[in-house]
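Written below as structure tokens is the structure these notes are about.
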Amino acid sequence: MNATTNQWLDKSLRLPGVLAAATYRSDSAVTVQSLSPDFEPPAIEHAVKCAADVFAVLRFQQLPAEWLRWEFEKASFYCVCRNDQRGLGLFISKDPRQVNAAEIERFLTEFSHSGGEK
Amino acid sequence: MAEKWTKILFVDDDTQLLGLLRQVISNYSNDAWEIYTAPDAVDALSILQEQGIQLLVIDLHMPTVSGLQFLKLLQRRFPDLLKVILTADASDQERGACLEAGAELYLQKPQVEGGWRSIYAALAELVKFQPRGAGSQRVLRAVGMQDVLQMECLAGKSSVLEVFSGPTGGKIFIEDGKVVHAVTGELRGEEAAFHLLALTGAESRLHPFTPPDAQTIDTSWQALLTEAARWKAEQRRKEPQAPDQPAKATAAQLLGETEVRTGAPAEGQKPPKTGLTPAPGLAESQPELRPKIEEILICSPAGEVVYEWQCAQAESRINFLEFLSQKARQIGHGLPLGHLERVETRGADGRTVTRIGPERAVFVRARHVQEK
């Protein structure tokens, strides 16, 4: 993976409440970083690939989306898919004291609008 | 290395390829995988019923029963079976259709023999990450009489399918894999078959074949099932619906729970008092947008429509809910996430919110409109 992708990962891990992050490319290559021992890279990689499948099915359903949020009982899973089919997935804590939702939203928007970068 | 118990079945009408697959996958797995092959869906079905297959790899383009048709059938009959599609010419549209129909992977056939190693690697990874055991929240259609009929016809069997729902009942006669006769009350032939196949909440029972007193049907079973589905959708539209208001309130509430990102309330919702951030993809230059509900679908965990409003493709949406619940289970595998509460999608034009609960699944689609 190139430096820019790694920069996105590094930036995402500095956001409050982020437990783990991953980027993926259209060729299914995934890069993972985790801040929590409970979020092991192989499981995160698998989750991100599953999310990529969801974007494909949403297009098939005529429900094109650039943003997905899975609200689980203990954590949220945000995924963004850019026009160049690169994606970013973030696992976020559900502890409101740890999370700044607006900051995460801004970060995801920034990633989403950065399409076309290498 | 892959676990010893992996039993894999390849289905492809190209028997030469099946021979190659048997050899290369066996090598890559160091003989740890037990490999089965079948040239068509009929043979595959009998292997699936007799062997404890964990992983099924299907060629997409097969004559008679295509890989996609086979996938849809298996999704209900074998929901925990891992299904993978292999195709010579991949397309985004087909990929979406196959994933939605229950395929875990959609892979392109390699052009060179060495390419099978990466196929093996993808299959091994899939086996490793397959969640086992029933999920607590799933939309998963029960095996219905349509599936039973399809299985009997595919396998070329002869039997009598007895169908009943409350006081209504009847019989569908299958001879050598063809539907030859149907009867319910005064109705006979195709009309009787449509009536029986469209019954809501019906139960069915298979009996040994006994010759019918007449042969009234010569339409293919595929055409019969298609027509019966259309007939059922028509009947549903004619039935009186539950009042719209409670469902719309549920939908508005579901959208309202995610208001922090939209900057405006859904219909029937009070404006939030929080400092709001525009949604990703909805630029800050469009802060005055509010979600207008355009579609609502509520269904049971068994995939029966409980309520729909402006949902033109209920069947397709239920497939989507089935797919989402399957993916949620897979995403949660190996991660401390707990149960799924909600899935939200956001696009340039609108968003969807889905909640899959133990008693029902709710799907809401809303479009962003300018606040007046």
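Quick note: the coordinates plus some simple rules give every number you see, no bench work behind them. The shown structure was predicted, so the numbers you read here are calculated from the model rather than taken from an experiment. All Cβ positions, even for glycine, are placed from backbone atoms using ideal geometry, and neighbour counts span all protein chains on display.
Charged side chains reduced to their Cβ positions (Lys and Arg at +1, Asp and Glu at -1) give chain A a dipole of some 140 debye around its Cα centre. Considering only A:Leu63, A:Pro42, A:Val30, the residue lying farthest towards the positive end of the dipole of the stretch A:3-112 is A:Leu63, judged by Cα position with unit charges set on Cβ.
Under Stokes-Einstein, with the Kirkwood radius over Cα pairs standing in for Rh, what whole-number D in µm²/s applies to the stretch B:145-238 at 4 °C and 1.567 mPa s? Please report the intermediate quantities before stating the final value.
Values: Rh = 12.9 Å.
Value of D from the Cα-based Kirkwood radius: 100 µm²/s.
Counting neighbouring beta carbons within 10 Å and listing from fewest to most, the residues A:Phe72, B:Phe173 come out as A:Phe72, B:Phe173.
If we count other beta carbons within 10 Å of each Cβ, what is the order of A:Trp70, B:Trp33, fewest first? Before the final figure, lay out the partial values.
Details: A:Trp70 27, B:Trp33 23.
By the 10 Å Cβ count, ascending, the order reads B:Trp33, A:Trp70.
When the Gaussian network model of chain A links Cα atoms closer than 10 Å, the mean-square fluctuations of A:Val32, A:Val80, A:Val99 top out at A:Val99. Pairwise alpha-carbon distances in the protein assembly as shown exceed 37 Å for 34% of all pairs. Distances between placed amide hydrogens fall under 5 Å for B:Glu295 paired with B:Arg365, all partners being 5 or more residues away or on another chain.
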